[in-house]
């Protein structure tokens, strides 16, 4: 029963802390962009901010995953949340001072914040696995995924209203207080468990390579990450929404706001529905079908000249994205050995993190050459092609049954060919049931 999970103090504390943290983190990201543009009125300054935030997410995240596998994930999460509280406090101070050097400080804070998140993100994935028992995964994952997605969507909205009502200083100070509250929830409500012992005498580069090799040797992990990467890279519509709102649908800023929120609303509905309707036994087939439907929705949006049809297409695309997100979250949890969990989560972050920024760049460049509508139609068609290729090459993912994957006696040695002296055999053998 789902209610059994909420009776568990650790699960409840982790879920609440994770929701509050993601609410603050997503809000902080948007506020930094708003403040930079408010100070400079320069699109280039916004692009520079995005680059500053993207670099640690692609470079340091792999070291963050290795760190999470070798050190206490509990302590890492608490410390990183506390450090983000310090940064938010610094933003409150400089916003109140209003000096000319504030812009440079914001860029530095953005870089440091992204660097901290590179260590926090893999540690959270590992800590979640330590809290959520294997037999409760298929009930707990949808709850954690849906609550986290709601926080990601609500964070920028709450931050915007707080900024308008109270100003930058109070908003940043409140964000800092909530970061501290999240850290306390983890520190007091979740047990500090030591990580599994790692084979000694290996360099960080070799340890990171072990995680990368495991992902690329696993049809289930690599296939699910590839579906996510290419769908976002080629068929992401958000970057082109201003063009459709102003030049295709002629709906102005109000219509743009509705278009921007349609996919988020669909994703929220899907995440909530997944707590009851997660396609467990046919998860692999469902994932392929959902990504294919996502591609068709993007093609429909690219061809549409009707505002209502465009809204419906984006809502259904969000519905597909939200459902696939929950399935992929479950796959990451169930197909990752405990000793490698942080590094595998880091590899996933590189996949998803790079796809958003690079996808925006790709969409903009392609649209400048062939137009926004043809760009999305092409992206949707490529997504359908990727689904077909993954279904052909990753048969284990296509036939995936999450109930089978969740059985304690299931080791993933049939999903990964290892040599007899490979250190990953030691790690897999050490994975707790």
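Any read-out appearing in this document is the output of simple, stated calculations on the displayed coordinates, not a laboratory observation. The shown structure was predicted, so the numbers you read here are calculated from the model rather than taken from an experiment. Every residue, glycine among them, receives a Cβ derived from its backbone with ideal geometry; neighbour counts consider all protein chains shown.
Suppose each label sits 7 Å from its Cα in the direction of the beta carbon; what would the residue 389-residue 403 distance come out to in nanometres?
Here the modelled spin labels are 3.4 nm apart.
Rounded to the nearest 500, what is the 222 nm mean residue ellipticity of the chain from helices alone, with -39500 (n - 2.57) per DSSP H run of 4+ residues and division by all residues?
Taking each H run of at least 4 residues, the total per residue is -27500 deg cm²/dmol.
Taking a ≥ b ≥ c as the square roots of the eigenvalues of the Cα gyration tensor of segment 73-121, is the shape rounded (a/c under 1.5), prolate (a/b larger than b/c) or oblate?
oblate
Given points 7 Å out from each Cα along the Cα-Cβ axis, report the residue 89 to residue 48 separation in nanometres with one decimal.
Roughly 2.9 nm, to one decimal.
Would you order 214, 37, 107 from fewest to most other beta-carbon atoms within 10 Å of each residue's own beta-carbon?
Taking fewest neighbouring Cβ atoms as first place, the list is 37, 107, 214.
Mind checking the alpha-carbon convex hull of segment 185-264 and giving the volume per residue in Å³?
For segment 185-264, the hull spanned by Cα atoms encloses 207 Å³ per residue.
Using Cβ counts within 10 Å as a stand-in for footprinting exposure, how do 234, 161, 256 rank, fewest first?
Ascending number of Cβ neighbours within 10 Å: 161, 256, 234.
Can you compute the FRET efficiency between residue 177 and residue 202 using 1/(1 + (r/R0)^6), with r the Cβ-Cβ distance and R0 = 41 Å? Round to the nearest 0.05.
Result of the calculation: an efficiency of 0.50.
Given the Cα-Cα distance of residue 303 and residue 369 and 0.36 nm per residue of separation, how much length would full extension add, in nm?
Additional length available on full extension: 22.1 nm.
By the gyration tensor of its Cα atoms, with a ≥ b ≥ c the square roots of the eigenvalues, what is the shape of segment 1-195: rounded for a/c under 1.5, prolate for a/b over b/c, or oblate?
Because a/c hits 1.5 or more and a/b exceeds b/c, segment 1-195 counts as prolate.
Need one number: nm distance between label points at residue 188 and residue 34, each 7 Å from Cα along Cα→Cβ, rounded to one decimal.
Distance between the two pseudo-spin positions: 3.0 nm.
So for 172, 63, 34, fewest C-beta neighbours within 10 Å to most, what's the order?
So the residues, fewest neighbours to most, are 34, 63, 172.
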